[in-house]
Amino acid sequence: MTNQRLVALCLIIGILIVILPGKTTLLEFQFTSENTKISPAFNRISKTADFVNSQKPIKTPLPSEIKVSNPQPNTEINQDQIWSHLENLVGERYTENHREYTRHYLIKQLQKFGFSLDLQPFEEGINIVAKRATDDPNAATLLIGAHYDTVVNSPGADDNASGIAVILEIARLFGSTPTATSLEIVFFDQEELGLFGSFAFTSRPENLQTLRHVIILDMVGYACRVEGCQHYPTGLNVQPLLEVNGITPGNKGEFLVVVGEIQHRDLLESFQQLPSNLSNQTLPPILPLPIPLKGILTPDVLRSDHAPFWYQNIAAVLVTDTANLRSPHYHQPTDTLANLDPEFLMGSAQVLVNVVTQLLEN
């Protein structure tokens with residue numbers, strides 16, 4: 001995730017917003033009297049911070065006792081596959097050489113799963129755009145995306161190898177399965193420098209013509225299970241949302257957050273309204289955050305690759321474990337495999353597969 005100065009842009013775009021009416025099962029976001037303030041602790045963390053210490057990523061085996069239920073035939077995640085991707089991806093992806101190695105790995109995997117590739121270079125890097133060869137080019141498209149770069153001296157296990165590994169599993173499951181909605185996968189470059197990859201992608205009109213929904217994964221593998229470890233930006237009153245979604249206590253970081261625009265409630269609600277056979281207690285709870293005014297009042301929520309899609313009025317959500325609001329390893333040399341929570345990661349992966357299944361079928 002990135003913490004760039006997007007507020008000025010948000011203010012310009014926000015005045016063009018039309019809030020759609022209608023009922024929803026989501027509570028509208030509530031703000032306290034300090035709703036224009038940003039947590040000082042939050043602002044101290046920069047995605048371009050320079051770390052002087054580095055360490056070789058620690059590789060740990062996936063605990064065999066983790067169990068995630070099979071929601072439907074052919075849509076059960078393969079935990080070993082996900083962990084294998086992580087072992088191949090974890091390591092600094094900051095320099096061009098490091099990112100080139102990662103690109104080769106991602107391209108090889110996507111081709112193996114039946115996707116055709118379009119490499120889209122821009123001044124600072126290269127985006128990897130993948131589509132199923134069998135999809136109708138005129139059909140509505142679901143885009144699943146994640147950034148593949150890291151900050152310097154961080155192996156980036158959670159940020160963002162976790163998101164990449166889950167998307168590669170989605171590619172494996174759906175790469176050769178025809179669906180009513182087309183599936184597109186995008187791995188963005190140089191997110192850490194200021195969302196450069198996603199801004200480059202959304203600046204090309206041909207990339208946006210058929211987009212219906214966008215799901216961005218940015219850090220989905222870390223949970224903290226002691227009271228007081230989960231924090232929230234100053235000015236956001238999340239307590240009503242925690243209560244309505246049955247998340248107690250809210251000061252433990254055991255839930256997955258989905259950040260979306262309030263006018264695109266249908267995409268947010270797709271994470272809540274799964275059939276009963278697609279979820280159970282082994283999956284992490286979901287906290288949907290409906291954001292008004294394109295984040296003008298909450299710039300903290302604009303720190304990842306969903307934001308450029310918001311500015312294009314495309315329904316997009318960010319799925320995250322809340323980054324530095326939960327993890328002490330954010331942008332640190334300690335963001336390693338050993339510090340991921342495998343149970344939470346695999347549950348998050350299954351949640352994403354369940355949601356993608358429903359969106360592709362509808």
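A compact table of results
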{"item": "Cα gyration tensor shape for region 76-170, rounded if a/c is under 1.5, else prolate or oblate", "result": "oblate"}
{"item": "Nearest-10 value in Å² for the accessible area of LEU117, using the 1.4 Å probe", "result": "50 Å²"}
{"item": "Dipole of region 87-240 [Lys/Arg +1, Asp/Glu -1 at C-beta], most positive-end residue of THR179, LEU106, GLN120", "result": "THR179"}
{"item": "Alpha-carbon centroids, region 77-149 and region 179-229: separation in whole Å", "result": "12 Å"}
{"item": "Largest to smallest accessible area among ARG172, ARG99 [probe 1.4 Å]", "result": "ARG172, ARG99"}
{"item": "Probe 1.4 Å - accessible area at HIS329, Å² to nearest ten", "result": "40 Å²"}
{"item": "Global geometry of region 255-341, whether rounded, prolate or oblate, following the gyration tensor of its Cα atoms and the 1.5 cut on a/c", "result": "oblate"}
{"item": "Percent antiparallel among DSSP beta bridges (both partners in region 255-362, rounded to 5)", "result": "40 percent"}
{"item": "Area accessible to solvent at THR234, 1.4 Å probe radius, in Å²", "result": "50 Å²"}
{"item": "Residues of region 105-131 with amide N under 18 Å of a point placed 7 Å along Cα→Cβ from ALA139", "result": "113-117, 130-131"}
{"item": "Fully extended contour minus Cα-Cα distance, from GLU243 to LEU119, at 0.36 nm per residue", "result": "40.3 nm"}
{"item": "Those aspartates and glutamates that a straight Cα-Cα span of less than 17 Å connects to LYS294, excepting residues fewer than 8 apart in one chain", "result": "GLU28, GLU261, ASP266, ASP305"}
{"item": "Set of aspartates and glutamates near LYS131 by C-alpha distance (under 12 Å), chain-local residues within fewer than 8 positions excluded", "result": "ASP118, GLU184"}
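The values are calculated or read from the model by the stated rules, or taken from the named source; none is laboratory data. Keep in mind the model is a prediction, meaning the values are calculated, not measured. Every residue, glycine as well, gets a Cβ built from its backbone with ideal geometry; the counts of neighbours run over all protein chains shown. Each accessible area value is taken on the protein alone, full model and side chains, heavy atoms only, with ligands, DNA and RNA left out. Shrake-Rupley method; radii C 1.70, N 1.55, O 1.52, S 1.80 Å.
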